[in-house]
Amino acid sequence: MENPDTKTTRSPPPQEPNLKKLKMSTTTTSDDDETTTTDTTKKQRYKRRKVAIFFAYCGVGYQGMQKNPGAKTIEGDLEEALYLSNAVPEQDRNNPKRYDWARSARTDKGVSAVGQVVSGRFYVDPPGFVDRLNSNLSPQIRIFGYKRVTASFNAKKFCDRRRYVYLIPVFALDPSAHRDRESVLASLGSDKEFVKCLECSERGRKVGGLMGKRNYELRGTSFELDISSNTNESMVDSEFNEETKVFPDNAGGDDSKSEPRNEISTSSNNNGVSGVEVENSEDTDLNSEPLNDTTKVSVGEENANGEEKPEKGSGSEFCYGEKEKDRFNRILNCYEGTHNFHNFTTRTKAADPAAQRYIISFNANTTVTVGGLDFVKCEVVGQSFMLHQIRKMIGLAVAIFRNCAPDSLLEIALQKDVNINVPTAPEVGLYLDECFFASYNQKWGDSHEELSMKDYEQEAEDFKMKHIYPHIASTELKEGVVGLWLHSLNHRNYPDLCAAAADDNGNTSNGESVDVGNVAGEKSCSPVSFIV
């Protein structure tokens, strides 16, 4: 007879079938090597890392960098890609504050970037974080890489300065190119006749009797553009000695209604067209609708008759040489230092401390050729910038260089107690070039990676040449945005451009009358004489 106590002590040992199965259902590798767990398990096992992400984007089609409900923005697409790449958990989706989101710079609508930086706490493991992000982004947005940063890092607060670049076409600096209708008509019959570009004559202000209407289109979604840059502007001389064929200019005549020509050839010149050749086998009315499908457009070809003497007043003899570079740099250098930029933004009053900004440098020393169209590369470095500030600084500088305003107007526009309406240059030529973190690198360089674009220079250059530069050039060739903007730089659209040029009797050099005791209704200005 068995002992009850013995029977109790001989009970079978406990088994753990469920625990063994649970153990077998997960990998036995380390956290960094794990690739087969579910999303929920992965987000629980992996730690969030505070990182700074370096990336670039082409701003066409986007309403700027900063997220805005109901608008297509770079930030909105990037946040969604972070979620789809498992870098952000479900509960944090559309709530960037939960993962310490910060951006180094905000860009306006249509503005691009090659050195943008954002920071946050993300799941960057397992390896392949950059590839996963890029697979969920448009080709217009490219992630270069990321770097581990301190827990307190903030991409906005730790950014010491930003560098922006604005590409302005060389023809925009030619005072005789793209003049308004009144200036062109007034110049007819004189020794210095102004001829407007063929592409913008109708879309700007058509000059009756001077030239006919001519529209063109670039066929296809993309085309190759030759891009080259240099620091010696002497190469530009040959680019602007090409012939420009225009219709006979006859003041008040009916030449624009005469028999249209079958071929129109324009080459690199400062009237808004660079190396564009249009051929049509059929008769084409220059005052009709855009050219039909039989029209062939080639970009980057030179005029075979370039040795002939340019048309009078065509402006094709203008180039961005040493003299022009020195003068334009003197204008841009006036922005350097700490100033009140309330006239160079919107919705910011002069008394607001935010209007005070520090510009470290502003120069235009190099030129870039894209598809035969020459651009001046304007580089500005500052601690921070306000909405539209750079575009307005470029706008006023171009107006002064083209003699639409006196040099003294820039100094007046930087005064705190003066309100002036400053022209705003188109957004297409602007892009964020790089963000700098000098103070952070100096303090944490021994224990953390350096935050700079050094490791991504080639990728950034490739993106710039593939997306940003071609976009800027093709937009100007197709739409003539800068040419159209130049038509607006006159005293009728911007009365403040000539306010500082009034004499003691309140008359400007072009015969207009202004109140010399009131610039934009606030402060009297010293009269300065200049010739338009």
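The values are calculated or read from the model by the stated rules, or taken from the named source; none is laboratory data. Just so it is clear, the model here is predicted, and its values are computed rather than measured. Because the Cβ atoms are built from the backbone with ideal geometry, glycine has one as well, and the counts that use them run over all protein chains shown. We work out accessible area using only protein heavy atoms, side chains counted, and drop any ligands, DNA or RNA first. Shrake-Rupley method; radii C 1.70, N 1.55, O 1.52, S 1.80 Å.
Remarks
- Compared with the direct C-alpha span, the chain from residue 350 to residue 156 gains 67.4 nm at full extension, assuming 0.36 nm per residue.
- Over 19 Å between alpha carbons, listed pairs 192/377; 392/416; 349/416: 192/377
- Positive contributions from Lys and Arg (+1) and negative ones from Asp and Glu (-1), summed over other residues with Cβ under 15 Å from the Cβ of residue 382, come out at +3.
- At 1.306 mPa s and 10 °C, Stokes D of region 412-455 from Kirkwood alpha-carbon radius, µm² per second: 108
- Options 167, 95, 60, ranked by Cα towards positive dipole end of region 50-198, top entry (Cβ charges): 95
- Distant-in-sequence amide H partners of residue 361 (H built 1.01 Å from N, under 5 Å): 381
- Using the Cβ-Cβ distance between residue 455 and residue 365 with R0 set to 35 Å, the FRET efficiency from 1/(1 + (r/R0)^6) comes to roughly 0.85.
- Between region 328-395 and region 419-484, the Cα center-to-center distance that results, in Å: 14
- Hz values of 3J(HN,Hα) by residue in region 359-373 - Karplus curve (6.51, -1.76, 1.60), Gly and Pro given as x: 9, 7, 7, 8, 8, 9, 9, 10, 10, 10, 10, 10, x, x, 9
- Hydrodynamic radius by Kirkwood, which averages 1/r over all alpha carbon pairs of region 347-468, in angstrom: 17.4
- Residue-level accessible surface for residue 455, protein heavy atoms, 1.4 Å, Å²: 100
- Surface calculation, 1.4 Å probe, protein heavy atoms: residue 386 sits at approximately 20 Å² accessible.
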